[in-house]
């Protein structure tokens, strides 16, 4: 497995650097300290003694301001402008947009600007469902590049530059290439090679880097997608970057497509961004950027904490570290050290059951479970009680030990054939039928085992028996959930016609 190039450590920041400031967050805090009579929205108007203030604390409600305030985001060279410029500088972008509807908003923007560049999006099949939502909004055709699949774990990884080149050769009207890196399990793609391939074909590369907002901020971390040649990057800053839930960023590289993309992205951003963007979420993005840039030592401690878990798991001998097997896949060139993916099935318990018991009996929350594994994450700059996690893991029962079921992994199903575009299927007349009757019909919905939210069936794809079985078994597992399903058990599906 080839290691991605590492950037210099940003741990030493010049005392006069603007990166030491959080201009938007500081402006909001200063505004809240003044003695306001608030006769505007939000309706709580920071009233002391309200239910909100009692529940969240008076400081939270006092900081909850609407947009368009002088000295914050209105006027020339506002604190918001400064915060956006600092974020662009930190991530190496030409321009950055703050998103308050998550990385999903960034993926939708990317899908919506692509029609100005061509008619077909070359897209990794294992993208987040928000990309498919973007295809519904934009009406673009899509050519899918299928990722490698680890059948032993039942998980999808990434795509290679050769995969992308082959897709581009059969797509003369390509608008852009869109891939995911890192994957939900921390697998990092060769973004540089894929960017070179896309650029050679005359199209930009969009990277859903939702899980890599922290990349590039310490030598122990992989390089970020922008520094590896990507043109537009979605960054889910709330995941491991330290911002509040639902806050994210969209970064535009200063590359060959910047002049054309910038006005398109700006217009699409205004189309899908709330006119009441949260000051709390926006301030958290400003603060998260400052922490990532200035607290390199804290990030190093987070990496060491994650490494300690992996060492303990290997030494314990019961479970396995999933990333130890990444070298077998040519599409993986690096790994996110803050992602801890553990094969629990080899230790006699499914990932779903392990997650349920960790939550119920040990008050330990992991990010996601599959049939075979659990994935834990450590945010950059955080050092949780990893000993507690390891101890809880090794007290889990082994209901599958020695049985044939221990080797029977719930495999990812191959997607059905594409018959319509996502938009055509979504807007077509539909009917609801039983899951059994849906087999062989065209799906009108996106259905995805969630998390990670990778669609197992798309609007316009033929529903297969294997997909139905996978989704129903996922839904029946502890904490199982299928995003987009009409009912919890996936007993009915919406089909075209």
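The values are calculated or read from the model by the stated rules, or taken from the named source; none is laboratory data. Since the structure is predicted, the reported quantities are computational estimates derived from the model, not experimental observations. Cβ atoms come from the backbone with ideal geometry, glycine included; neighbour counts cover every protein chain shown.
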>> Take residue 439 and tell me if it is over 28 Å from residue 183 (Cα atoms), touching a helix residue (DSSP H, G or I) at 6+ places or on another chain (Cβ under 6 Å) and surrounded by fewer than 22 Cβ atoms within 10 Å (Cβ to Cβ).
In response: yes
> Is it true that residue 123 is within 12 Å of residue 175 (Cβ to Cβ), modelled with pLDDT of 95 or more and part of a helix (DSSP H, G or I)?
Replying inline: no
> Wholly within segment 230-315, which helices (runs of 4 or more DSSP H) include no fewer than the required count, namely at least 1 residues that are within 23 Å of residue 368 (Cα to Cα) and out of contact with any strand residue (DSSP E or B) (no Cβ under 7 Å at 6 or more places or on another chain)?
Replying inline: 237-240
> Looking at (1) in a helix (DSSP H, G or I); (2) closer than 21 Å to residue 186 by Cα; (3) under 17 Å from the mean Cα position of the chain (by Cα), which is the only condition residue 163 fails?
Replying inline: (3)
>> Whether any residue in segment 78-93 is outside any helix (DSSP H, G or I) and over 30 Å from residue 184 (Cβ atoms) is what I want to check.
In response: yes
> When segment 422-432 is examined, which residues are found to be surrounded by fewer than 24 Cβ atoms within 10 Å (Cβ to Cβ) and in contact with a strand residue (DSSP E or B) (Cβ under 6 Å, 6 or more places away or on another chain)?
Replying inline: 428, 430, 432
>> For segment 388-405: of the residues being modelled with pLDDT under 85 and within 16 Å of residue 317 (Cα to Cα), which is farthest from the chain's Cα centre (by Cα)?
In response: 402
